[in-house]
Amino acid sequence: MRRRLRAPVVLVLLLWMFASACSSDEPKGFASEPTATILEQSRAAAKSATAVHIAGTWISQRVEYQIDMRIKNDGAAGEITTADTKIGLLRVGEDLFVRGDATLYQPRDGRQDPDAAASAEVLHDKYVKVPPDDPAYARFGGFTRLHPLLDDMFLLSGEIKKDGRKDVRGVETILLSADKGGGGEMYVSLGDKPFPMRYSPGTNSGRLDLYEYDQDFPVAMPGADQLVDYGSLNPSPAPSTGTDTDDSASPSPSGTGKSGSGTSSPRPSGSATATAGATSTRSS
């Protein structure tokens, strides 16, 4: 009798385990919502964010940019790095500061420019306050604005489908893929708030991680020994940005929807130019 009962019991257990395994792969809760609903709720969560840490690689016209920025409503701090140079960005309220190494202030074409060399000597590793009316303010400042950058994370082109669950920095997410990834990918948190956790604008275009949402961080004005003012270097004419005609790949600032326009750093001396510019998270 025991042998006769054992087989049916084992069969029932196996069927139950198989059914459980199958059901665990099916979307549940928020992940089971339509794609449009997931996007809508994720966008709403992003709009409510007070701070975020954005880090990763951005590729525009075969130029690779390493981005590491912490951003909140009233300030930002971080760096943008290329193979040639490193740009530090700091925003305190509406005041924007740029800090670069000596390479940042050298001509792109490699020519020897005494004025550029003099600028590099004075400006390297110092913060330069960028006037609001200088074009560089909008270009660099786009990296320091919380919600314009987060809005760019929702730029997906083509048919969007769910593509399973993925782990992003220890957070379970649902992957939304546009045109099988060619039109962009966004990973949406399945936690308490459906924040976007990772974004890629398309194939071979880099990837940005978004984390440390709503975590405050300090930003402070640079000390006097770290700051160089435009006026102290060039008190008469208004400061201008570079006029270098080299249109090498430089991503555009957030909100333009374009990429590839050359971007120059502030040039207190009137001659030094930058090798890299502000980057957008908007796909071209």
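Taking 0.36 nm per residue of separation and subtracting the current Cα-Cα distance, fully stretching the chain between E172 and Q66 would add 35.7 nm.
A cut-off under 12 angstrom between Cβ atoms defines the neighbours of G181, and their net charge, with Lys, Arg +1 and Asp, Glu -1, is -1.
I want the local charge near V52. Using Cβ-Cβ distances under 15 Å, sum +1 for each Lys or Arg and -1 for each Asp or Glu among the other residues. Display every interim value, and only then the final one.
Values: positive: R43, K47, R70, K72, R91, R145, R169, K193, R198; negative: D68, D74, D151, D152, D209, E212, D214, D216.
Taking every Cβ under 15 Å from that of V52, the sum is +1.
For T35, T173, write out the residues from largest to smallest accessible area, computed with a 1.4 angstrom probe and no ligands counted.
Working: T35 30, T173 0 Å².
The ordering from most to least exposed comes out as T35, T173.
Report the Stokes-Einstein translational diffusion coefficient (µm² s⁻¹, integer) for segment 144-184, Rh taken as the Kirkwood radius over Cα pairs, at 25 °C with viscosity 0.890 mPa s. The estimated diffusion coefficient comes to 215 µm²/s. Comparing Cα centroids, segment 81-101 and segment 111-145 end up 8 angstrom apart.
Amide H to amide H distances under 5 Å link V63 with no residue, where only residues 5 or more positions off or on other chains count and H is placed in the peptide plane. Among 163-172, 196-205, 132-141, the peptide with the highest mean count of other Cβ atoms within 10 Å heads the list, and the full ranking is 196-205, 132-141, 163-172. Here segment 175-218 and segment 28-50 have alpha carbon centers that stand 12 Å from each other. Taking 26 Å as the straight-line reach from the Cα of K47, the lysines in range (excluding those fewer than 8 positions away in the same chain) are K28, K72, K161, K162, K166, K193, K258.
The values are calculated or read from the model by the stated rules, or taken from the named source; none is laboratory data. Quantities reported herein were computed from a predicted structural model and do not represent experimental measurements. Reconstructed Cβ throughout: ideal geometry from the backbone, glycine too, with neighbour counts over all protein chains shown. Side chains are part of the model used for accessible areas, which takes the heavy atoms of the whole protein and leaves out ligands, DNA and RNA. Shrake-Rupley method; radii C 1.70, N 1.55, O 1.52, S 1.80 Å.
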